[in-house]
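Written below as structure tokens is the structure these notes are about.
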Amino acid sequence: MKNKNKFFAILFYLLPIIFFTVSYFLITASGEDIFQGANNFRTNITLNPISDAINAFNYNSRITDMYAWSVIDFFDYQFIFGPDLIFRLIDVILSSAIFYFATYIILDRKPKLLIKDSLIFCATFLAFIITPFGRVIYLEFSMIHNYVPLALITLIFSIPYLKLLTNNPLKHQKLLNITMPLLGLYFGMAATVTPLAFIVTIAIYCLINRKNLTRPPLWFFTGLIGVVTGFLICWLVGSGIDHYTSSQATTFDYVSLSNLFSDPFTAIPKILWHIIYNFGIVFLPLLGLFIVCLIFKKHNIKFQKLNIENKNLILVFVIFIVIHLLGASLIKAPFRLLIPAYLAGIIITFRFFASAISSKFIGTTIVIFTVLILFIHTFLLVKYRAQVANLLTEIKNSTEPSLCIEKSRTTPTRLHFIDLSQANFLVDWGSPELIYDKNVTFCK
């Protein structure tokens, strides 16, 4: 019986990992991937990853984009055995690690080979992937390489602070003194809003609980110094938020601080709409998740009976989510920018409703839906891969320097209720795209 339970636990753990493996090895390079240099390695174009990283830093300062621009040159339009094998495997590991560390925080310990633990792993994956937030980690490599590392570093960097908060600090404090400044530096350079929201959350929590605080360890301070340093590098040396305020200002309905003072009657209603929109896209799916957990919970959870550590935990998570959403209120935020806030909501919900997941009915439902999503995603990717393979062969064999393709031939099949497909490999804004040294556009 014990071996049988371990077998099913391993099987359930594997489902999200198989999803990411299928996704990253069957996906066709998107228009943005090609624009950034996909297939350059195969076409013998001189590669300069350092120059790519510098250009990415000058573009939007994020260290995640520096990685994305540096490695995309090694990716083929469609996977064949080559150097991108290593990077695709890294993507699988990083994406799977998001849900491993989310499960770690939910359980407040390392996940074990237990059916309950593996179901929480699957449930966390499912609660994320069925929403528009999930598209970010399977749609295209340009998004995957940016926002998977952001989500992961947010979780990893938060764990020592959360463990300290619940009076169960991690061991190896001397090692943390060394690693936390480095992790903090990376975290500070991984995004514009998230590290700022983290710092403000720590400050507000310390202010509220100033009478009960004990002296924190050294890494507590050096980690925050690392975050501030990384954040200042992006803002003072790099482009800061220029990426959102210049080239994509219209797309995100950006309201500058100067407009807020010069034209408040126009700016304030816009910001209020941004706040409503940003809160809505995060809290509506969380509300649905909360209701489901409430229905299937096994034990009553009364706030007044929670210990002080759990009350503080709820306080910290709520502060972080609210500050993160308010910090993005100058724009109508894309889903990808709010991933850390949504992940935090999933984690705190499952932390207090883990018993609901362990029920036989809800556990079976989680597994069935995870398998179904894996099957649909695989089917859509295989279909689009075959569809684009014919187009790539046609482009490669063409003797013309320029050619056009009907838009319908490049459009992936999408489901109305949930996407599970991928980004188009040919895009209007990137036309003409250079594919096999030919200028490719949509036919008018």
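The values are calculated or read from the model by the stated rules, or taken from the named source; none is laboratory data. Because the structure is predicted, anything quoted here is derived from the model rather than measured. Glycine also receives a Cβ, built like all others from the backbone with ideal geometry; neighbour counts cover every protein chain displayed. To get the accessible areas, we keep the full protein, side chains included, count just its heavy atoms, and leave off ligands, DNA and RNA. Shrake-Rupley method; radii C 1.70, N 1.55, O 1.52, S 1.80 Å.
Rounded to the nearest Hz, the phi-derived 3J(HN,Hα) couplings of region 47-58 under the Karplus curve 6.51 cos²θ - 1.76 cosθ + 1.60 (θ = phi - 60°) are 9, 9, x, 5, 5, 4, 5, 5, 4, 5, 5, 5, where x marks glycine and proline.
Surface listing: 110, 174, 383, 396 arranged by accessible area from highest to lowest gives 174, 110, 396, 383, probe 1.4 Å. Based on the reciprocal of the average 1/r between different C-alpha atoms, the Kirkwood radius for the chain equals 23.4 Å.
Computed with every protein chain present, the accessible area of residue 399 is close to 130 Å² [probe 1.4 Å]. Between residue 360 and residue 175, what length in nm is gained on full extension when 0.36 nm per residue of separation is reduced by their alpha carbon distance? Taking 0.36 nm per residue and subtracting the Cα distance, the gain is 62.5 nm.
Surface composition of region 265-346: carbon and sulfur atoms hold 73% of the protein heavy-atom accessible area at a 1.4 Å probe. Given the pairs 211/311; 332/383; 2/163; 163/297, which span a C-alpha to C-alpha distance of over 22 angstrom in this model? Violating the 22 Å Cα-Cα cut-off are 332/383; 2/163; 163/297. Close amide-amide hydrogen proximity is noted between residue 442 and 405, each under 5 Å apart and 5 or more residues distant or on a separate chain (H modeled in the peptide plane; Pro and chain starts excluded). Protection proxy ranking for 260-267, 218-225, 39-46, 114-121, using the average of other Cβ atoms within 10 Å per residue and placing the highest first: 114-121, 218-225, 39-46, 260-267. Counting only alpha carbon atoms, the long axis of helix 173-188 and the longest principal axis of the chain meet at about 50°.
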